[in-house]
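The values are calculated or read from the model by the stated rules, or taken from the named source; none is laboratory data. Computed from a predicted structure; not experimentally measured. Here the Cβ positions follow ideal geometry from the backbone for every residue, glycine too, while neighbour counts run over all protein chains shown. Ligands, DNA and RNA are excluded from the accessible area calculation, which covers all protein heavy atoms including side chains. Shrake-Rupley method; radii C 1.70, N 1.55, O 1.52, S 1.80 Å.
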Amino acid sequence: MLLVAVPASYALSRYNFFGRRVILSSVSSVQMFPVVVILTTLYGFYNLWHMLDTYRGLILADTTFALPLAITLMKSFFDTLPRSLDESARIDGAGEFRIDGASRMRVLLHILLPLVVPGLVAVGIYTFLNAWDDYLMALTIMKSNEMRTLPVGIAQSFLGEYSNDYGGL
């Protein structure tokens, strides 16, 4: 997930291109919808593409819902770095101003990425905890007992409607 969030947030932070504001607002607007609203459509899509009861489907769904906040957080970390770092790194030899963009990627990987490691750690921890604590999406996507995640398995094994097995829990 960070492999997608870092280049996207770097591009949204550093470059002015047509549609940048539209992309930023659409990334932010994805977070406004609760999971319950999107879950019925997601279930139909996963049923059509045979992705129900697969870890691939659950990983894709969790990544899709965690990616907008990860991009927003990483963009704010890249915004705190001065643009003069990019320019001075390219002038000092981190890139030869090539057309293919390899110099920009080299500046990102060798100069800017070490400076935003706290942001990477924060986003990584957030997305891990978000996926780990996910209950509703995992309950909907995973059907068989062998494929259930830990929160769903605990809730179905030890928590009942009228009593809870706290000793077993």
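What pairs come out if I take residues in segment 80-93 that are in a helix (DSSP H, G or I) and pair them with residues that are of a type in the set (Gly, Ala, Ser) whose C-beta lies under 7 Å away, six or more apart or interchain?
Here the result reads Arg90/Ser103, each pair linking segment 80-93 to a residue that is of a type in the set (Gly, Ala, Ser).
Mind checking whether some residue in segment 37-53 is more than 11 Å from the chain's Cα centre (by Cα), in a helix (DSSP H, G or I), within 25 Å of Ala122 (Cα to Cα) and among the aliphatic types (A, V, I, L, M)?
Within segment 37-53, not a single residue is more than 11 Å from the chain's Cα centre (by Cα), in a helix (DSSP H, G or I), within 25 Å of Ala122 (Cα to Cα) and among the aliphatic types (A, V, I, L, M).
Please enumerate the residues belonging to segment 22-53 that are on the phi > 0 side of the Ramachandran plot and open to solvent by 60 Å² or more (accessible area, probe 1.4 Å).
His50, the sole residue that qualifies.
Which one of these is closer than 30 Å to Ile141 by Cα, open to solvent by less than 30 Å² (accessible area, probe 1.4 Å) and modelled with pLDDT of 90 or more: Gly57, Gly119, Gly19?
Unique residue meeting the criteria: Gly57.
Among the residues of segment 132-169, which ones are assigned to a loop (DSSP other than H, G, I, E, B), touching a residue at least 12 places away in the same chain (Cβ under 8 Å) and open to solvent by less than 50 Å² (accessible area, probe 1.4 Å)?
Asp134, Met142, Ser144, Thr149
Could you please find all residues in segment 63-86 being within 27 Å of Thr140 (Cα to Cα) and open to solvent by 30 Å² or more (accessible area, probe 1.4 Å)?
Thr63, Thr64, Phe65, Leu67, Leu69
Would you tally the residues in segment 7-25 being under 18 Å from Ser103 (Cβ atoms) and in contact (Cβ under 8 Å) with a residue 24 or more places away in the chain?
Counting residues in segment 7-25 that are under 18 Å from Ser103 (Cβ atoms) and in contact (Cβ under 8 Å) with a residue 24 or more places away in the chain gives 4.
Which residue, of Ser144, Ser103, is in contact with a Phe, Trp or Tyr (Cβ under 9 Å, 6 or more places away or on another chain) and among the small types (Gly, Ala, Ser)?
After applying the criteria, what remains is Ser103.
Just checking, which of Thr80, Thr72 is over 18 Å from Ser29 (Cβ atoms) and at pLDDT below 95?
The match here is Thr80.
List, please: which pairs have Cβ atoms under 8 Å, are six or more places apart or on different chains, and start with a residue in segment 26-40 that is more than 18 Å from Ala138 (Cβ to Cβ) and end with one that is of a type in the set (Asp, Glu) and not in a helix (DSSP H, G or I)?
Once the first residue is more than 18 Å from Ala138 (Cβ to Cβ) and sits in segment 26-40, no partner that is of a type in the set (Asp, Glu) and not in a helix (DSSP H, G or I) comes close enough.
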